[in-house]
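Single-structure report; data block below.
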Ligand code: 6R9
């Protein structure tokens with residue numbers, strides 16, 4: 001038991017050392033004592049990072065929903081599992097107990113099976129943050145179908161790409177969604193997407209906004225009548241620990257999104273264990289993560305991690321600014337939230353507003369404040385700490401990725417002393433390494449390098465759907481025998497880590513990872529565009545914003561530039577979604593390129609950030625004259 005809940009720093013170091021010295025025994029004990037298995041494993045771990053091949057709890061059988069639901073029923077059946085807080089506060093919250101959630105998941109599971117979904121089939125879920133989203137995710141897991149949740153802010157093109165990449169046979173969506181004052185026509189977006197998705201046989205539609213929608217005969221079905229008729233019990237399908245639990249897409253350096261595949265066994269153990277410790281969750285606490293389930297943070301720390309611990313988890317449908325800037329704090333007061341987990345971009349946006357929006361509410365229930373998604377700057381950290389936390393709630397700056405499944409570097413609150421902007425120490429079982437560009441590990445402290453992980457942890461993604469080679473090339477080829485994260489980090493004099501940001505072509509805007517390539521592809525599809533390059537530049541609220549350098553075909557003179565800028569952003573919205581829109585678009589005669597034809601983004605980044613005093617080494621530049629011209633006309 002003692003290993004499951006870390007209570008002080010000495011214990012952290014002791015358990016950490018054990019977890020590194022003998023990972024198999026360590027994780028075996030955690031898995032054995034805290035989870036329900038239908039059959040135990042033959043071997044705790046097999047791995048080879050060169051292939052790469054990683055297997056945890058080999059040949060074990062389980063169902064994650066039995067761990068998240070059934071096993072709580074004898075002791076927590078009337079405990080609230082999910083508090084649903086709707087977009088409009090006047091609508092009133094819903095409190096779903098473990099018993100009710102179990103029943104709803106079972107009914108949904110029966111509906112899915114009735115509609116022909118089988119173990120191993122892929123189901124695309126494109127839903128707003130309403131209870132049905134959590135219910136559907138769990139129902140897929142219960143029947144062994146692989147869910148692929150697509151964030152409901154993605155465009156129809158982005159949705160279609162993701163549906164086709166993993167051959168989903170079913171899509172679950174809603175008529176519409178609410179976001180603040182806006183109403184979004186989700187079903188309409190699905191209809192357009194499905195014109196390109198011949199493999200989809202069935203669309204189940206949840207009613208949320210009650211708007212008029214088109215229902216395609218033989219394909220589209222309203223969900224509620226099916227649920228009303230469904231049986232309220234469904235016996236779990238036994239899964240192998242290494243069977244895929246879900247696919248979740250993340251952006252990469254090339255155009256195509258990567259469908260990261262997570263396993264049933266290792267993912268469960270890792271998300272549950274990290275949740276318990278990093279949020280110091282105690283029975284009867286109310287925990288709230290403001291992420292969307294469309295991202296990994298929502299998968300691991302709204303649904304699976306909390307429910308595996310029998311926690312009460314809040315699901316919020318709306319946005320932080322509606323009906324006003326006090327909404328988050330209103331919800332904290334209303335539900336007496338004890339652990340609050342959000343993104344730096346939300347903190348920065350709210351910190352800009354009147355202090356009064358926070359002060360109005362009683363936030364004394366808060367015990368832990370979490371942040372995730374991008375580096376948090378010092379000002380935002382202090383505001384979070386002082387204004388929201390009243391200097392009483394430790395901040396956990398949690399570094400991790402879609403690929404890692406769960407939190408990797410983070411303080412444990414009340415255990416690890418915190419420093420602003422530092423993710424501090426590796427979590428139990430995590431073995432980080434900093435590498436130089438030549439591929440050597442940089443030992444010692446007060447160093448900076450590329451962040452790698454040397455040893456597998458149970459939550460690591462096992463592959464990229466349909467493209468194992470890309471999985472190897474992206475994560476295991478840069479450094480021998482190591483998982484490469486794509487991030488840079490420094491390790492200070494006491495061994496604390498500070499994440500300094502991406503070292504590849506991924507830009508994090510408002511906490512969303514955006515690859516430069518898909519955005520450039522979208523821009524280049526505009527008929528007036530010849531070529532383009534995207535870079536990030538610092539932004540007060542979003543962390544980074546996007547700056548596009550665009551070369552036009554000859555029509556240039558005759559077109560109104562602002563009109564063209566609008567069209568380009570429209571193109572991006574259609575192809576990817578509004579989150580990828582550019583803040584600045586500069587029309588340029590050429591792009592700085594190396595002799596081998598690669599765009600020198602480093603130079604463009606400097607121009608976009610207005611930091612052109614020292615351009616660094618430009619000796620390999622093919623066309624230096626272009627740089628001067630771009631600089632002279634920079635926005
Ligand atoms: C969980 C999640 C992963 C990338 C990651 C890094 C950045 C996440 C961070 C952080 C600094 C933190 N990132 N947490 N950077 N400090 N606490 O966000 O997954 O969407 O895949 O993003 O986000 O750059 O590599 P994902």
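The values are calculated or read from the model by the stated rules, or taken from the named source; none is laboratory data. Everything numeric here is computed off the predicted structure, so don't read it as measured data. Cβ placement follows ideal geometry from the backbone for every residue including glycine, while neighbour counts extend to all protein chains displayed.
Points to keep in mind about this one:
- For first residues located in the stretch 614-635 and on the phi > 0 side of the Ramachandran plot, partners that are at pLDDT below 90 and lie 6+ apart or on another chain with Cβ distances below 7 Å form the pairs 616/602.
- Residue ID - farthest from residue 292 (Cα to Cα), chosen from residues in the stretch 74-92 that are crowded, with 18+ Cβ neighbours inside 10 Å and in contact with a strand residue (DSSP E or B) (Cβ under 6 Å, 6 or more places away or on another chain): 80
- Residue check for residue 183: more than 30 Å from residue 55 (Cβ to Cβ) and part of a strand (DSSP E or B): yes
- Residue under evaluation residue 305, criteria (1) at pLDDT 95 or above; (2) touching a strand residue (DSSP E or B) at 6+ places or on another chain (Cβ under 6 Å); (3) within 24 Å of residue 422 (Cβ to Cβ), criterion not met: (2)
- Test for residue 395: is it modelled with pLDDT of 95 or more, within 14 Å of the ligand (Cβ to nearest atom) and more than 23 Å from the chain's Cα centre (by Cα): no
- Unique match (being part of a loop (DSSP other than H, G, I, E, B) and within 16 Å of residue 491 (Cβ to Cβ)) among 459, 444, 466: 444
- Filter result for the condition that a residue is farther than 24 Å from residue 6 by Cβ, in contact with a helix residue (DSSP H, G or I) (Cβ under 8 Å, 6 or more places away or on another chain) and crowded, with 19+ Cβ neighbours inside 10 Å, over 428, 464: 464
- Residues of the stretch 276-328 that turn out to be outside any helix (DSSP H, G or I), out of contact with any helix residue (DSSP H, G or I) (no Cβ under 6 Å at 6 or more places or on another chain) and within 16 Å of the ligand (Cβ to nearest atom), as a count: 4
- When 535, 494, 447 are checked against the criterion of being crowded, with 22+ Cβ neighbours inside 10 Å and either away from the ligand (no atom under 13 Å from the Cβ) or under 30 Å from residue 35 (Cβ atoms) (or both), a single residue qualifies: 535.
- Each residue in the stretch 379-392 was checked for being more than 13 Å from the ligand (Cβ to nearest atom), assigned to a helix (DSSP H, G or I) and in contact (Cβ under 8 Å) with a residue 24 or more places away in the chain, and 6 pass.
- Filtered by the rule that a residue be part of a loop (DSSP other than H, G, I, E, B), in contact (Cβ under 8 Å) with a residue 40 or more places away in the chain and closer than 19 Å to residue 223 by Cα, the stretch 94-120 gives 115, 116, 117.
For (1) at pLDDT 90 or above; (2) within 14 Å of the ligand (Cβ to nearest atom); (3) not in a strand (DSSP E or B), each residue gets a yes or a no:
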{"site": "501", "(1), (2), (3)": "no, yes, no"}
{"site": "522", "(1), (2), (3)": "yes, no, yes"}
{"site": "541", "(1), (2), (3)": "yes, no, yes"}
{"site": "548", "(1), (2), (3)": "yes, no, no"}
{"site": "551", "(1), (2), (3)": "yes, no, no"}
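Matching residues to (1) in contact (Cβ under 8 Å) with a residue 60 or more places away in the chain; (2) within 15 Å of the ligand (Cβ to nearest atom); (3) under 21 Å from the mean Cα position of the chain (by Cα):
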| site | (1), (2), (3) |
| --- | --- |
| 412 | yes, yes, yes |
| 415 | yes, no, no |
| 419 | yes, yes, no |
| 429 | yes, no, no |
| 432 | yes, yes, yes |
| 437 | no, no, no |
| 451 | no, yes, yes |
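- Residues satisfying the stated conditions in the stretch 243-275, i.e. over 23 Å from residue 144 (Cα atoms), surrounded by fewer than 21 Cβ atoms within 10 Å (Cβ to Cβ) and more than 13 Å from the ligand (Cβ to nearest atom): 254, 255, 256
- Tallying residues that are within 30 Å of the chain's Cα centre (by Cα), over 21 Å from residue 561 (Cβ atoms) and at pLDDT 90 or above within the stretch 583-635 yields 4.
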